[in-house]
Amino acid sequence: MNIEPFGVEQWMNAWETKCDLNLAETCVASLTLAELMQMAGTTQQMPSDLAAMKMTYGEIRGSSRLRGLVAGMFADQTAENVLITHGTIGANHMVYQTLVGTGDHVVAITPTYQQHTAIPRSLGAEVTEVALSEDQDWLPDWDAVAAAVRPATKVIALTNPNNPTGALIDREGLQRVAEIAASVGAWVLCDEVYRGTEQAVAVPSIVDVYDKGISTGSTSKAFSLAGLRLGWIIGPEPLLDACEIHRDYTTISVGIVDDYFAAMALEAKDVVLQRSREITRGNLDVLKKWIATEPKASFVAPKAGTTAFVSLDVPMSSYDLCVALLRDTGVMFTPGSALGVEGYVRVGFACHPDVLKEGLSKVSDWLAKQG
Ligand SMILES: Cc1ncc(COP(=O)(O)O)c(C=O)c1O
């Protein structure tokens, strides 16, 4: 199976360990296990139920405890609607493997996580990309989406909240995409990995709006626990049964230690998400103030998520700009070209506030020296 290289992952792999100030990261500043246990009110150094855990494969779909907790984050779902996966990346991959093949058609709203275009293409599907634009605050043009669907459309794919722009589609928009999908009997796969990072109001999940809606997500971003590699697919049971056929060949089960800590995090979700909100909301204020005073930078402020798509008035490609910035200052952004959009850099703003402030100040000094 041929598949194109994953632009963002290659960029991250090349530079992540070489930069001084990482403003390319998309996870809310990661927690240690000790911090998680403290937030969950665990006083033992090694919880006795963890120490006593037999290292079997565990419950194959994911523990009932975890699946119940995941379901509880949606309006109208039960543990039967939850399949535990290796991160959102595993969840998305499994959904495409299950639903898409040669001759099928997929509509992907871009920019997005490259999985949503590259995997269906690699499976032999034709992918129509419907581009977001800054002029429309990075929100989809629903008429363009309606014009893109056809009887062969199997999936409409979107990322909400959006990576890289931080735009947030509201209930009305989700209802609109559901209507468009229903007109051709398509699924809507909504990558909701950034759910829980909203700046003000939260929006519903696609699974609570559309009966052929599929949500993917994980503990990586708002829960600050990417190291668990723990995600999920939420959808109708027959879809999950079909996914499980593929999952049996690739996953068997996820690690039961990961499952255990994910359940702990979801049980303590009020505390964990409160910390995340403080970081993302406080840091977005810092970024907004920087943009307001930095003559060479502009953006549409994110409504959610952990990244902003920033335009910098420097006569270089986004890739050359990011490499020069890294070499001269140690600050790491992500070039828009790695996400298929030239003319922007993606700024991750969910890191430690001091890293963001120091990074932006170095960028200002650097920008002042550019022609
Ligand atoms: C939109 C989107 N989907 C999926 C992923 C993969 O996340 P996970 O760590 O849950 O596999 C990412 C990671 O950056 C992402 O931005």
**Item:** Of all residues in region 100-122 being farther than 25 Å from Val203 by Cα and among the hydroxyl-bearing types (Ser, Thr, Tyr), the one that is surrounded by the most Cβ atoms within 10 Å (Cβ to Cβ)
**Value:** Ser122
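When you look at Tyr194, is it within 16 Å of the ligand (Cβ to nearest atom) and open to solvent by 30 Å² or more (accessible area, probe 1.4 Å), yes or no? Don't jump to the end; show me each part of the working.
Details: within 16 Å of the ligand (Cβ to nearest atom): yes; open to solvent by 30 Å² or more (accessible area, probe 1.4 Å): no.
When the stated conditions are applied, Tyr194 does not pass them.
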**Prompt:** Mind checking which pairs have a first residue in region 279-303 that is closer than 19 Å to Asp365 by Cβ and a second that is among the hydrophobic types (A, V, I, L, M, F, W, C) and assigned to a helix (DSSP H, G or I), Cβ under 6 Å, 6 or more apart or different chains?
**Reply:** Val286/Leu356; Trp290/Leu360; Lys296/Leu367; Ala297/Ile291
**Asked** Within the bounds of region 175-188, is there any residue that is modelled with pLDDT of 95 or more and assigned to a strand (DSSP E or B)?
**Response** yes
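For residues that are more than 11 Å from Thr153 (Cβ to Cβ) and either in contact with a strand residue (DSSP E or B) (Cβ under 7 Å, 6 or more places away or on another chain) or within 16 Å of the ligand (Cβ to nearest atom) (or both), tally how many sit in region 121-133. Show your work before the answer.
Let us first name the residues in region 121-133 that are more than 11 Å from Thr153 (Cβ to Cβ), namely 121-124, 129-133.
Now restrict to residues that are either in contact with a strand residue (DSSP E or B) (Cβ under 7 Å, 6 or more places away or on another chain) or within 16 Å of the ligand (Cβ to nearest atom) (or both): 121, 129-132.
Of the residues in region 121-133, 5 are more than 11 Å from Thr153 (Cβ to Cβ) and either in contact with a strand residue (DSSP E or B) (Cβ under 7 Å, 6 or more places away or on another chain) or within 16 Å of the ligand (Cβ to nearest atom) (or both).
Within region 152-164, can you find the residues that are surrounded by 24 or more Cβ atoms within 10 Å (Cβ to Cβ) and more than 11 Å from the ligand (Cβ to nearest atom)?
So in region 152-164, the residues surrounded by 24 or more Cβ atoms within 10 Å (Cβ to Cβ) come out as 155-164.
Once the filter is applied, which keeps residues that are surrounded by 24 or more Cβ atoms within 10 Å (Cβ to Cβ) and more than 11 Å from the ligand (Cβ to nearest atom), region 152-164 yields Val155, Ile156.
Residues checked against (1) modelled with pLDDT of 95 or more; (2) in a helix (DSSP H, G or I):
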| site | (1), (2) |
| --- | --- |
| Val272 | yes, yes |
| Asp285 | yes, yes |
| Pro295 | yes, no |
| Ala301 | yes, no |
| Gly305 | yes, no |
| Ala308 | yes, no |
| Val314 | yes, no |
| Gly371 | no, no |
**Message:** Need the failing condition index for Gly255 against (1) away from the ligand (no atom under 15 Å from the Cβ); (2) over 24 Å from Leu174 (Cα atoms), just the number.
**Reply:** (1)
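If you take the residues of region 28-38 that are free of Cβ contacts under 8 Å to residues at least 24 places away in the same chain and in a helix (DSSP H, G or I), which of them is most open to solvent (accessible area, probe 1.4 Å)? If you could, list the steps in order and put the result at the bottom.
First, the residues of region 28-38 that are free of Cβ contacts under 8 Å to residues at least 24 places away in the same chain: 32, 34-35, 38.
Okay, now just the ones that are also in a helix (DSSP H, G or I), so 34-35, 38.
Working: Ala34: 68, Glu35: 79, Gln38: 142 Å².
Restricting to residues being free of Cβ contacts under 8 Å to residues at least 24 places away in the same chain and in a helix (DSSP H, G or I), the top hit is Gln38.
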**Prompt:** If we scan region 52-62, do we find a residue that is within 30 Å of Gly305 (Cβ to Cβ) and at pLDDT 95 or above?
**Reply:** yes
**Complete:** Per the filter on region 59-80, residues more than 17 Å from Pro204 (Cα to Cα), open to solvent by less than 30 Å² (accessible area, probe 1.4 Å) and not in a helix (DSSP H, G or I) are Gly62, Ser63
**Asked** Mind checking which residues of region 255-287 are charged (D, E, K, R) and surrounded by fewer than 15 Cβ atoms within 10 Å (Cβ to Cβ)?
**Response** Asp270, Glu278, Arg281, Asp285
**Message:** Here's a check for you: in region 81-99, which residue that is surrounded by fewer than 24 Cβ atoms within 10 Å (Cβ to Cβ) and of a type in the set (A, V, I, L, M, F, W, C) is farthest from the ligand (Cβ to nearest atom)?
**Reply:** Leu99
**From the options Arg229, Arg195, Arg281, residue that is outside the structural domain of Ile156 (by TED's automatic domain parsing) and under 17 Å from Ala29 (Cα atoms)** = Arg281
**Request:** Quick one: count up the residues across region 328-371 that are open to solvent by 50 Å² or more (accessible area, probe 1.4 Å) and aliphatic (A, V, I, L, M).
**Result:** 1
**Request:** Please state which one of Thr110, Thr153 is of a type in the set (S, T, N, Q), in the same structural domain as Thr250 (by TED's automatic domain parsing) and in contact with a His (Cβ under 6 Å, 6 or more places away or on another chain).
**Result:** Thr153
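So which residues in region 39-58 are closer than 24 Å to Arg247 by Cα and either outside the structural domain of Asp248 (by TED's automatic domain parsing) or in contact (Cβ under 8 Å) with a residue 12 or more places away in the chain (or both)?
To start, the set of residues in region 39-58 that are closer than 24 Å to Arg247 by Cα comprises 53-58.
The answer is Met53, Met55, Thr56, Tyr57, Gly58.
The values are calculated or read from the model by the stated rules, or taken from the named source; none is laboratory data. Everything quoted here is computed from the prediction, not taken from an experiment. Every residue, glycine as well, gets a Cβ built from its backbone with ideal geometry; the counts of neighbours run over all protein chains shown. Surface areas here come from the heavy atoms of the whole protein model, side chains and all, with no ligands, DNA or RNA. Shrake-Rupley method; radii C 1.70, N 1.55, O 1.52, S 1.80 Å.
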